[in-house]
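Novice: Encoded as structure tokens, here's the structure I'll be asking about.
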């Protein structure tokens, strides 16, 4: 073509008289001859055209076909994802969930539907990332899909490849699907244009096992893919078994339902086990398979495939501490709600967190961080709201471990079932007496948390290598009182006997000289044996919610002997004398390594003794003042109490109850720095008029107030003349509050006169007689958020609420739950 243009230009340049005559006849002749020769060549080529095959590069199809597999039970999740795909405000979508819940299947179904439905994407791309993220392979997959020349790709540098992908995608509206992310992937590093530059017309969607990856990838929408409900789970299981097999025996459908239930709604388990049972026509074979799943899922070979897949999430945990803490959760029963605070106490007792000379408070923070990581890794499931712990008297976060995850954890703890007797849990302990000495030598941990309905008391077997014994038997009858014989065990470091209402604690407990953790909370122990003074290695000693124990029955000789003690907690249903409480405080003050303290006090002088001690103030983690009696002219003033609280460096929780003589002289303009305070419970303190000082507790998570009849407004705003020193920034009030519980507040008019943001609030509970609380400090912006899970209260109270915007009750009504007074 270029040559023809050249001939044309030469021809025109060699003409004169407006192009009618040549300037030079010789040169024109030569040029004409050359043109004729070239035309002959072209004609020769054209004569062969019918025998020549031409390759024309076609642009890639918008969507490649891809099978998506079985999608039973995924309709709701599919619709949520599709809605996000159509949302112009969303550019990046993250699907997260535990291994085996079919995150990939959901994304494949989206991919498949894009091939069927009308859409505006120029191209849809798919790449698998996986655990060992290979950037080059991801880019090669994208390159192949974009039809980039293979020769160019092979000879190009990394920078040139990135630039080429960016060039191809920049002018297109694309959907990029990334499967199985295990960490942050820099999209620009693989040539993906910044989505905001295209006004979010293009989309990136990914799957991951880790919730925090959604944040790292800056996903505007994150959706959790959860396990199936029973009905859907059974349908999926039957789909894999097949109708012919199900019809082979009338009892097989019933057994199939039971087996499906054992899979805990986990699609991977349902598909694996269901496929294994396809074609199994024998009723006896079904019975055997069902029994194997019930007694020990790891005996079922098909479950091992599931475990090995789930184990990837376990392997990804960052260190030994995370892995040990995760496996430890398997000691608790199926579907058990684990209390965060109690679990971290146990982890400390086991030594999982005690590294590099950390303080107790560093360990608490590490424990919380580990729980967050396990939740983000979808190895634990967080409870919707906090639960009240009737033993400790505090609200606490709770979480569960999925049944299949728990079975996998047990399998790993038992060295992939090579040492099945290593830990004994729940019903297995009933038959432990039948074990021979060889098997008993292997046992390291025993955990029984259940109601004990046997006619005989459970006896500790002879396990010479036992390091952990947890017995929470909840015995209902005194005839079955738990008698502890400690002669058969010598090495335990952790002993948890909490919640045993009827228990006889013998002096033999003093022989457990290796003991580092002892929990007797919620037990009916009447007196502590003097032999406890031998426990020189004890670091954590918990006596929360004691049913019968009084301070006078705690030998002071025991307390002063526990020189390694770091954590001590005590609360009881019984009143103690002033001198008894002071004696206990003095002995605790003398302990050289004490770091975390919680002692319930019922006398004014005892409270003052605590406040006057720098050591005790610095150690106080929980402050519990209950049923305080007035001593002569002495009375507790709210302003002095708050001043003392600001001097407690680690104060996490306060509990004030039945303090009828508490003088509330606090001004709303007074500032009190309560930087660590997370939980406040105030009950039956009738002279308190407001809680405005809570605006200086930025980390507050739980507020529970009941029967405080003088409170008309929880947090007040300053009036004229009260502005000096007053912080009027309402954005910080209750910034981290998750639970707000109000009960029998008969004169309460408002929580706060203006609407607050409440960015973290999950539950509002208004119970009992609160007739004057007609308005909640909420606006339509808060109501439209997804954070709030539950509003609990009486139906009459809810119906009488007044709103600034009619859209608010419409948005909140689905979250309201009527409760009895």
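Novice: Quick check: Cα centre of segment 225-245 to Cα centre of segment 152-192, how many Å?
Specialist: After rounding, the separation between the Cα centres reads 39 Å.
Novice: Moving on to the next point. Sorting check: for 184-193, 749-758, which peptide has the highest mean count of neighbouring beta carbons within 10 Å, and how do the rest follow?
Specialist: So the peptides 184-193, 749-758, ranked by packing, come out 749-758, 184-193.
Novice: Next question. Roughly how many Å is it from the Cα centre of segment 495-565 to that of segment 81-98, as a whole number?
Specialist: 54
Novice: Order 790-800, 508-518 from most to least packed using the mean count of other Cβ atoms within 10 Å.
Specialist: Going from most to least packed, we get 508-518, 790-800.
Novice: Then there's this: Note the angle between two axes, namely the Cα long axis of helix 158-170 and the longest principal axis of the Cα atoms of the chain, as a number of degrees from 0 to 90, rounded to the nearest 10.
Specialist: That helix lies at roughly 80 degrees to the long axis.
Novice: Which value in deg cm²/dmol, rounded to the nearest 500, describes the helix-derived mean residue ellipticity at 222 nm for the chain, given -39,500 (n - 2.57) per DSSP H run of n ≥ 4 and division by the residue count?
Specialist: Helix-only estimate at 222 nm: -9500 deg cm²/dmol.
Novice: Take the alpha-carbon centre of segment 302-329, take the same for segment 330-351, and report the distance between them in whole Å.
Specialist: Result: 17 Å between the Cα centres.
Novice: Which entry is the computed volume of the Cα convex hull per residue in Å³ for this structure: [x] 273; [y] 310; [z] 176?
Specialist: [x]
Novice: Where both partners of a DSSP beta bridge lie in the chain, what percent of those bridges are antiparallel, to the nearest 5?
Specialist: Approximately 10 percent, going by the DSSP bridge assignments.
Novice: Using 0.36 nm times the number of residues separating residue 132 and residue 749, minus their current alpha carbon distance, what extension gain do you get?
Specialist: Computed gain between residue 132 and residue 749 is 216.3 nm.
Novice: Would you mind ranking 686, 770 so that the residue whose beta carbon has the fewest other beta carbons within 10 Å leads the list?
Specialist: 686, 770
Novice: Going by a ≥ b ≥ c, the root eigenvalues of the Cα gyration tensor, does segment 230-295 fall in the rounded group (a/c under 1.5), the prolate group (a/b larger than b/c) or the oblate group?
Specialist: Oblate shape, in that a/c is at least 1.5 and b/c is the bigger or equal ratio.
Novice: Further question: Please rank 102, 774, 155, 501, fewest neighbouring Cβ atoms within 10 Å first, as an exposure proxy.
Specialist: Lowest count first: 155, 774, 501, 102.
Novice: Hey, what angle do you get for helix 301-315 against the long axis of the chain, alpha-carbon based, 0 to 90 degrees rounded to 10?
Specialist: Once rounded, the angle reads 90 degrees.
Novice: For a label point 7 angstrom out from the Cα of residue 815 toward its Cβ, which stretches of segment 368-398 have the backbone nitrogen within less than 14 Å?
Specialist: 384-386
Novice: Follow-up question, since we're still on this one. What is the fewest-to-most order of 263, 378 by other Cβ atoms lying within 10 Å of their Cβ?
Specialist: The order, fewest Cβ neighbours first, is 378, 263.
Novice: Compute the helix-to-body angle for 578-589: its Cα long axis versus the longest principal axis of the chain, expressed 0 to 90° and rounded to tens.
Specialist: 50
Novice: Highest first, please rank the peptides 642-653, 535-546, 108-119 by the mean number of other Cβ atoms sitting within 10 Å of their residues.
Specialist: Ranked from most to least packed, the peptides come out as 535-546, 642-653, 108-119.
Novice: With r as the distance between the Cβ atoms of residue 629 and residue 671 and R0 = 41 Å, compute the FRET efficiency 1/(1 + (r/R0)^6) and round to 0.05.
Specialist: 0.85
Taken together, the values in this text are just the output of simple stated rules run on the coordinates, not laboratory data. Note that the structure is a prediction, hence the values are computed from the model and not measured. Using ideal geometry, Cβ is built from the backbone for each residue, glycine included, and neighbour counts are taken over all protein chains shown.
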